[in-house]
Protein chains: 4
Amino acid sequence: MRIDINCDMGESYGHYKIGHDLSLMDYISSCNIACGYHAGDPVVMQETVNQAAKKGLGIGAHPSYPDLQGFGRRSMKIPTEELSAMIRYQVYALKGFVEMAGSKLHHIKPHGALYNDIAKSEELSNMIADLVLNISPEITLVGLAGSVTEKVCSSQKIKFRGEFFADRNYDNEGYLVSRTKENAVISNPEQIAERTLRFAKTGEVRSIENTPLKLNATTICIHGDHHNSLATAKAIYKTLTLSGISINHE
Amino acid sequence: MRIDINCDMGESYGHYKIGHDLSLMDYISSCNIACGYHAGDPVVMQETVNQAAKKGLGIGAHPSYPDLQGFGRRSMKIPTEELSAMIRYQVYALKGFVEMAGSKLHHIKPHGALYNDIAKSEELSNMIADLVLNISPEITLVGLAGSVTEKVCSSQKIKFRGEFFADRNYDNEGYLVSRTKENAVISNPEQIAERTLRFAKTGEVRSIENTPLKLNATTICIHGDHHNSLATAKAIYKTLTLSGISINHE
Amino acid sequence: MRIDINCDMGESYGHYKIGHDLSLMDYISSCNIACGYHAGDPVVMQETVNQAAKKGLGIGAHPSYPDLQGFGRRSMKIPTEELSAMIRYQVYALKGFVEMAGSKLHHIKPHGALYNDIAKSEELSNMIADLVLNISPEITLVGLAGSVTEKVCSSQKIKFRGEFFADRNYDNEGYLVSRTKENAVISNPEQIAERTLRFAKTGEVRSIENTPLKLNATTICIHGDHHNSLATAKAIYKTLTLSGISINHE
Amino acid sequence: MRIDINCDMGESYGHYKIGHDLSLMDYISSCNIACGYHAGDPVVMQETVNQAAKKGLGIGAHPSYPDLQGFGRRSMKIPTEELSAMIRYQVYALKGFVEMAGSKLHHIKPHGALYNDIAKSEELSNMIADLVLNISPEITLVGLAGSVTEKVCSSQKIKFRGEFFADRNYDNEGYLVSRTKENAVISNPEQIAERTLRFAKTGEVRSIENTPLKLNATTICIHGDHHNSLATAKAIYKTLTLSGISINHE
């Protein structure tokens, strides 16, 4: 039995250093590397790719709307054709660093507002599906489990991987509880690990009202920018591997 | 007998449109496409690459210092390691568009202040030579004829192509007459064509004081952003081909 | 009898030159100067302000969403507090250049997508109204005639000036015909001048279906970036002044 | 007896938070606020200015070369006219926030590479001196003690304040020991406080080779981005005030 654990990385920029990328790499199997539009600069991209390649991680591009000041967290109404070219620009740049490190681009996971906008839109999901097929049919698209993107990928025979958010509560419909509400985020590492183990074994998670939910997810998303990110990553890794589940991006 | 003619292209940005790229493509054999740091955006890059691929041009990356406002024309003191990553970012992005268009990256030609800084510096010439070798030994580096870069490429067995500037006057030492001086630029298309033909046949150009100069150049650089760029390109193309010289990037 | 004519200016950026600012200044009474977020750079801002001050124009700030690549034409979901700070940054910068030129900031006119978003939103209209009051109650806010912004300004005793778009067709409800439709834009200078004269005299314009519309507008907006912008500006200026209407920003 | 203590502030940017601005404000008398070119965004600028105004600090603009990625630490060859417009843009924007907070712009201190380039160049020192005079003769220019800028300001009757760097070692000629060398930076808070007290009382500092140096400095520069910045600030503040020296920006 095995499952993938992914984490956003390479989010530093110039003088600004964030995250604990190198330490976290021992407890995950794949990473999503910022491409300079919401975070990351060429030096950070190159270093993060090189470290991830050494650790044997599945390396993914993490493209975004062009908005460093907003960290890619706000939606922009960009024509689909132009957005496609912007995403390609970012993905191609990252792919170059990955190949130079002797590895292959493993997946693409859109970032922030772009992630959410694609999840809900058939036009945008088709756009990114075309782009993935165009670059290489071996590349996996990582997105919201149960989203429009999942359906589009399924109909186009594109590899899709839905995400289970380890530290987020779900409502009864299977949506994430908004960050504006209390209890949106779970912060206790042991609790997160327990919940993740249950999900990994059963494909099920309890909603915030304790209703069992089935999630079609094959990768566990953890976050690297909290003060207890490292403790959480270790707890999940230890709990899963002790239960005989291997952490693997393939 | 054959020679290459190159021209900078893809220099529009968003709302700002400059150059006559599509028209000029019939009179050149290779182009240097801006990569977003001094000019160009992903839409412009993609369109320019696609058009150039259809015309069968040798497509090159035209990386720059990060300075859209200064059009890459001012020197920046960037650590070599960081500059290398910045150039890779640009080249990889362009290379992606080129491969998507079914073509191959043909060459790299640094832009503006970066071109001049590399031409004079052994450290920077080694940096870009390493980068070329690293990406692919089939890629040609285009630079200043007789520069430090030429020597570095020669010692490292890297394909190097020196440039003859069709519309610029040279001094007796073989350097370009500074743009701050009168007669730095030649504007008459017929005169430029004549001068280029002589160079193509003999490898020689007359300096501004009428001294014959030997130039080790195998590509003719023309400019696409003047009001008479198209007339000049046509005159050169017609004059050379009528004399039996084929325009060819290989 | 008198009316104001306004035009967007200072939209060049670095190497990219657009518009005919200096020539147009003789035929308008006020100008809206880009502040670096969608167009304009500090050099362009300073020069345009200095020229406008010499001509005695009413000088306005033309703030935008931060989007040079999209020329400020696409909406961004930016928290109101942050958007307020962004607009202040732009307005303060321009105000500094205006005061250095011995003039006073006359008005603020939001640009592009920001203009449209503010016109429809009470929250955003209140935000910009607060900002205007805060900077100086003598400053006029220029916006869409009949918009939410007009109502907000009226209730807060803020000077508001609604715009008549000289070269755009209106539908029967008084909205601009979308640029995606035929006949959205009128291009004949004489026709534009006639239509503007009628409006200046009567406050009325004929809709695209020939219905008379009353517009609460006190400034005429002309565009400076078309190939016949100068001819149109001259035609309007001549037609209005010959009819005894003075062009005046006060 | 009194002296000024200044610190760079407002260096966060969007998602990236650095410094301990609010805590440090109790131990300094003036601050230099980033203006968006090397750090800071409009939200950060506005908040930092408002907090500094409440604390009664002397608020200064901290303009830079346009280089967020390099944190303004690398020199750029920008024409003086253009650089002047860029600095004005930044200073005007900050001045607007300061006036909106009910305060007055107290000083201008160039940042990073711009600071060093101005210190050495008569042309650049004249440029910034003109700009200061132009904005208001009440504004102080803060720069390197003993620099070309100091001489230019003296001859033009501009208020100049030279800096004593509390945590940096000096060589026998009065220059800062390069950060590339060991012992360039002093890290012990008590040692820094002692050294600063001696300087405040005598105008003298011991060089790294124990030679006494006379420094024409009237403001003490401390840094806010080290892990022990707060401890150092407290130690200096306490040591000076206990010795009867008041911390005052006037």
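The values are calculated or read from the model by the stated rules, or taken from the named source; none is laboratory data. Note that this is a predicted model, so its numbers are computed, not measured. Quick reminder, even Gly has a Cβ in these numbers, built from the backbone with ideal geometry, and neighbours come from all protein chains shown. Quick note on the areas: whole protein, heavy atoms, side chains included, nothing else; ligands and nucleic acids left out. Shrake-Rupley method; radii C 1.70, N 1.55, O 1.52, S 1.80 Å.
Miscellaneous remarks
- Filtered residues of segment D:70-79 (kept if charged (D, E, K, R) and within 7 Å of another protein chain (Cβ to nearest Cβ)): D:Arg74, D:Lys77
- Any chance B:Glu82 is of a type in the set (Asp, Glu) and in contact with a helix residue (DSSP H, G or I) (Cβ under 6 Å, 6 or more places away or on another chain): yes
Quick grid of which residues meet (1) more than 24 Å from C:Asp21 (Cβ to Cβ); (2) within 17 Å of the chain's Cα centre (by Cα):
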| position | (1), (2) |
| --- | --- |
| C:Thr48 | no, yes |
| C:Ser64 | no, yes |
| C:Asp67 | no, no |
| C:Pro79 | yes, no |
| C:Arg88 | yes, no |
| C:Phe97 | no, no |
| C:His106 | no, yes |
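- In segment B:151-164, of all residues being open to solvent by 20 Å² or more (accessible area, probe 1.4 Å) and of a type outside the set (S, T, N, Q), the one that is farthest from B:His249 (Cα to Cα) corresponds to B:Lys151.
- Strands (runs of 3 or more DSSP E) lying entirely in segment D:1-73 (those with 1 or more residues that are open to solvent by 30 Å² or more (accessible area, probe 1.4 Å)): D:2-9
- First in segment B:170-186 and closer than 21 Å to B:Ala113 by Cβ, second anywhere and open to solvent by 100 Å² or more (accessible area, probe 1.4 Å), Cβ under 8 Å, 6 or more apart: B:Asp171/B:Glu209; B:Val185/B:Arg179
- Taking the criterion of being closer than 16 Å to A:Asn32 by Cα and not hydrophobic (A, V, I, L, M, F, W, C), the only residue of segment A:117-140 that qualifies is A:Thr140.
- Those residues of segment D:80-111 which are surrounded by fewer than 20 Cβ atoms within 10 Å (Cβ to Cβ), hydroxyl-bearing (Ser, Thr, Tyr) and at the interface with another protein chain (Cβ under 7 Å from one of its Cβ atoms), in sequence order: none
For (1) out of contact with any Pro (no Cβ under 9 Å at 6 or more places or on another chain); (2) closer than 21 Å to B:Leu68 by Cβ; (3) within 12 Å of chain D (Cβ to nearest Cβ); (4) in contact (Cβ under 8 Å) with a residue 60 or more places away in the chain, each residue gets a yes or a no:
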position	(1), (2), (3), (4)
C:Ile3	yes, no, no, yes
C:Ser12	yes, yes, no, no
C:Gly19	yes, yes, no, yes
C:Ser23	yes, no, no, yes
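- Counting only strands (runs of 3 or more DSSP E) that fall entirely inside segment C:174-250 and contain at least 2 residues that are open to solvent by less than 50 Å² (accessible area, probe 1.4 Å) and either closer than 30 Å to C:Ala53 by Cβ or of a type in the set (Ser, Thr, Tyr) (or both), the qualifying elements are C:219-222.
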